[in-house]
Amino acid sequence: MPPRPELAEPRKRKDFTENDDILLLKQVIADEPFRHGGGKVMDKWDKVAEVLLSSPA
């Protein structure tokens, strides 16, 4: 039986910088993930996350 995620080692939380916040805000303004209906909202938020994770920090 695989280990249950809730019992796994807790991950250390990331301390986001002011620059991280600005990058997130700019990406949300560009992608407008909250404007998409029909079950696509989470897909759009996933895209925001992909873009931010792939950008150099």
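For the stretch 32-42, does any single residue satisfy the condition of being at pLDDT 80 or above and under 12 Å from the mean Cα position of the chain (by Cα)? Scanning the stretch 32-42, I find at least one residue that is at pLDDT 80 or above and under 12 Å from the mean Cα position of the chain (by Cα), so the answer is yes. Cβ-Cβ contacts under 8 Å between residues 6 or more apart (or on different chains), taken from a first residue in the stretch 39-57 that is of a type in the set (D, E, K, R) to a second residue that is not in a helix (DSSP H, G or I), are listed as Asp43/His36; Lys44/Glu32; Lys44/His36.
For the stretch 1-28, the set of residues classified as assigned to a helix (DSSP H, G or I) and either at pLDDT below 80 or over 14 Å from the mean Cα position of the chain (by Cα) (or both) consists of Pro5, Glu6, Leu7, Glu18, Asn19, listed by residue number.
The values are calculated or read from the model by the stated rules, or taken from the named source; none is laboratory data. Owing to the predicted nature of the structure, the values given are computational and were not obtained by experimental measurement. A quick note on method: Cβ atoms are made from the backbone with ideal geometry, for glycine too, and the neighbour counts reach across all protein chains shown.
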